[in-house]
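First the structure, in the form of structure tokens, and then the observations on it.
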Amino acid sequence: MTHSETTRITIYGCGPDEAALFRELAPGLGVQPAITDAPVSEANAELAIGSRCVSIGHKTPVTHATLRALGRAGVGYISTRSIGYNHIDVEYADSIGILVENVSYSPDSVADYTLMLMLMAVRDAKAVIRRTDMHDYRLSETRGRELRDLTVGVIGTGRIGAAVIDRLRGFGCRILAHDKGPVGRPGAGVEFLPLDELLRRSDLVTLHTPLTAQTHHLLDRQRLAQLKNGALIVNTARGALIDTEALVQQLENGRLSGVALDVIEGEDGVFYADCRNEPLESKGLLRLQELPNALISPHTAYYTDHALRDTVENSLTNCLSFVSRNHRG
């Protein structure tokens with residue numbers, strides 16, 4: 001492929017901010033973007049006709065029927081604008097001749113947000129802000145804790161988990177870590193442990209592992225019961241890593257002192273939507289939001305200007321790399 005050629009890429013599920021970046025970056029890369037705000041589906045797969053590659057968002061699951069429809073439209077490559085793959089059956093896509101790849105983006109977006117949630121959790125920030133909004137300015141009955149006095153367990157030591165560990169060192173806390181895969185760079189002051197031992201020893205646990213069949217409900221009823229009394233949990237990875245029903249029970253019976261969750265089971269169709277005038281069907285989400293010690297945000301940890309630019313640029317370059325490899329072949 002030469003620079004004079006233009007590659008058409010269909011971009012699905014594209015919000016206004018992403019669309020602006022695609023339109024800014026695409027011409028310089030020799031890309032003609034065909035942009036729609038609708039998530040990819042069987043019904044709109046025909047929009048991809050003429051595109052060997054499509055770029056999709058992570059907010060909507062991709063069905064097998066959608067993948068087959070994309071294949072019929074001539075698509076051979078899907079770039080998902082996310083690190084996780086759990087919204088798409090990668091093996092099925094491969095079986096019908098479609099390669100799926102994720103994108104990388106600055107891990108600092110999620111790592112910074114994770115530390116923010118940790119600090120809010122240890123200072124009981126949700127309850128403090130709620131009282132202040134009601135003009136109740138008394139000190140809380142619950143005193144805050146300091147990170148330097150705590151043992152923090154980091155589950156998953158990939159790029160984001162490693163960035164969280166780097167930040168935690170500055171607070172002087174004890175750092176424990178667990179990862180199923182080979183440890184990349186443990187660094188100084190980090191003790192790697194089996195998962196069950198990490199849970200028993202940690203005052204605060206933060207999750208940074210992909211969602212797979214093996215990690216679904218990684219923190220289930222049994223593992224949640226292994227946590228210390230008064231422990232805290234932060235999750236900026238994927239909601240289904242935690243059994244929500246079991247988590248609510250642990251919060252209601254007082255065993256856990258709090259959680260801060262940027263992701264939750266059943267968030268599809270709820271997060272990123274304006275639900276102010278609609279009834280929510282997710283009982284777990286509703287119950288968590290009622291609890292004063294459960295802080296919820298709508299899957300927004302990744303959402304910074306730097307990370308979004310990385311995501312758009314890397315999605316385009318990954319598509320072009322696929323086209324180039326196949327053109328040569």
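None of the figures in this text is laboratory data; all of them are computed from the coordinates on show. Source: prediction; values computed, not measured. Positions of Cβ are generated from backbone atoms using ideal geometry, with glycine treated the same way; all protein chains shown enter the neighbour counts.
A compact table of results
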{"quantity": "Listed candidates [x] 21.5, 70; [y] 18.1, 54; [z] 20.2, 65 - label of the one calculated as Rg and Dmax of the Cα atoms in Å", "calculated": "[x]"}
{"quantity": "Loop GluC sites (Glu not before Pro), the stretch 96-150 (other Cβ atoms within 10 Å of the site Cβ: 12 or fewer; DSSP)", "calculated": "Glu141, Glu146"}
{"quantity": "Rounded FRET efficiency, nearest 0.05, which uses the C-beta distance separating Thr212 from Arg131 and R0 of 41 Å", "calculated": "0.50"}
{"quantity": "Only Lys, Arg (+1) and Asp, Glu (-1) charged, at Cβ; the chain dipole about Cα centre in debye", "calculated": "660 debye"}
{"quantity": "Over the chain: helical MRE at 222 nm, DSSP H runs n ≥ 4 each giving -39500 (n - 2.57), nearest 500", "calculated": "-10500 deg cm²/dmol"}
{"quantity": "The chain - share of DSSP beta bridges that are antiparallel (%, nearest 5)", "calculated": "0 percent"}
{"quantity": "In degrees, nearest ten, helix 159-169 long axis to first principal axis of the chain (Cα)", "calculated": "30 degrees"}
{"quantity": "Least to most buried among His135, His299, His64, His208 (fewest other Cβ within 10 Å first)", "calculated": "His135, His64, His299, His208"}
{"quantity": "Cut-off under 5 Å, modelled amide H: who pairs with Ala260 long-range", "calculated": "Ile233, Val234, Asn235, Leu295"}
